[in-house]
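The values are calculated or read from the model by the stated rules, or taken from the named source; none is laboratory data. This is a predicted model, so every value here is computed, not measured. All Cβ positions, even for glycine, are placed from backbone atoms using ideal geometry, and neighbour counts span all protein chains on display.
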Amino acid sequence: MSKVSYQQYFDYIGELFVQEDEVLREIRAENDRQGLPAIGVMPYDGYLLGWLTRLIKAKTAVELGTLGGYSGTWIARHLPEDGHLYTLELEPHHAAVAQANFARAGLTDKVTLIHGPALENLTTLVEKGPFDLVFIDADKTHYPDYLTWAVENLRPGGLVAAHNAFRRGGAIEPKLEGDEELQVFNQMLAADPRLDSMIIPLGDGMAVGVKRG
Ligand code: SAH
Ligand code: MG
């Protein structure tokens, strides 16, 4: 058996594919300086999101859970000039840091940050849809509700992605608040006949589903 760890595989992928520019590095540094929790996606996850965005030629995207705007920057950069990202964040401080980071990245016109509980704001976002991409990365407790909304508001061929599909093992052995809802989410994703789904076992797991039809 090889002694190479999964983390080494992920780092290897990162070295091969991911070149963070000054802006992305600065966003991560600024999030640290502003005391945001270190729970954002890794650079290889960001790259994966950008790659998926290009792959399905997404134009209009929704993100649940902005934090400091790191993953949002990866997504928005890979939308076309006339594309748009709506990103939803509960915490005012996170939202303020993210707004400044989107400005830093030159993405102010391309990104709309919506402040408040995601579930409530999704109701009003419906009129901007249908969407090409929905990225779920907010509170795990509502992952099943977020998935229900995503499937209803994606165009055929659109893609839903969700970070932390493994939740460091919580998906298999629930421990933390939200782990059981995450299990339900993964089961819903796998069983929904409207979706063609998979968990990409990169990092903490990226669940993806493409809407059929
Ligand atoms: N996608 C980000 C990380 C998001 S971390 C990145 O990779 O850069 C999860 C975020 O979801 C936190 O900022 C948290 O404040 C936010 N959040 C938690 N509950 C929420 C809710 N009900 N509605 C909207 N955002 C929520
Ligand atoms: Mg996450």
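Tell me whether segment 117-127 contains one or more residues that are more than 14 Å from ligand 1 (Cβ to nearest atom) and either hydroxyl-bearing (S, T, Y) or over 25 Å from R54 (Cβ atoms) (or both). Before you say what the answer is, go through the steps one by one.
Going residue by residue through segment 117-127, those that are more than 14 Å from ligand 1 (Cβ to nearest atom) are 126-127.
Applying the additional criterion that residues be either hydroxyl-bearing (S, T, Y) or over 25 Å from R54 (Cβ atoms) (or both) yields 126-127.
Scanning segment 117-127, I find at least one residue that is more than 14 Å from ligand 1 (Cβ to nearest atom) and either hydroxyl-bearing (S, T, Y) or over 25 Å from R54 (Cβ atoms) (or both), so the answer is yes.
Name the helices (runs of 4 or more DSSP H) wholly inside segment 41-154 in which the number of residues that are acidic (D, E) and under 23 Å from E177 (Cα atoms) is 1 or more.
It comes to 118-125, 143-153.
Pairs please, first residue from segment 101-116 and more than 20 Å from P80 (Cβ to Cβ) and touching a residue at least 12 places away in the same chain (Cβ under 8 Å), second anywhere and assigned to a loop (DSSP other than H, G, I, E, B) and of a type in the set (A, V, I, L, M, F, W, C), Cβ atoms under 9 Å, 6+ apart in sequence or on different chains.
Matching pairs, first to second residue: N101/L107; H115/L90; G116/L90.
Filter segment 56-79 down to residues that are surrounded by fewer than 23 Cβ atoms within 10 Å (Cβ to Cβ) and in contact with a Lys or Arg (Cβ under 8 Å, 6 or more places away or on another chain) and give me whichever is nearest to K128 (Cα to Cα).
Only one residue tops the list, namely T60.
For G209, indicate whether it is modelled with pLDDT of 95 or more and either acidic (D, E) or under 30 Å from V23 (Cα atoms) (or both).
Yes: the conditions hold for G209.
Just name the residue that is farthest from ligand 1 (Cβ to nearest atom) out of those in segment 1-59 that are among the small types (G, A, S) and within 22 Å of A138 (Cβ to Cβ).
Selected residue: A58.
Here is a check on your reading of the model: is A138 surrounded by fewer than 24 Cβ atoms within 10 Å (Cβ to Cβ), more than 8 Å from ligand 1 (Cβ to nearest atom), in contact (Cβ under 8 Å) with a residue 12 or more places away in the chain and not basic (K, R)?
no
Enumerate the pairs (first residue in segment 3-31 and basic (K, R); second residue anywhere and in a helix (DSSP H, G or I)) with beta-carbon separation below 8 Å, excluding pairs fewer than 6 apart on the same chain, so at least 6 apart or on different chains.
Sorted first by the residue in segment 3-31, then by its partner, the pairs are R28/Y70.
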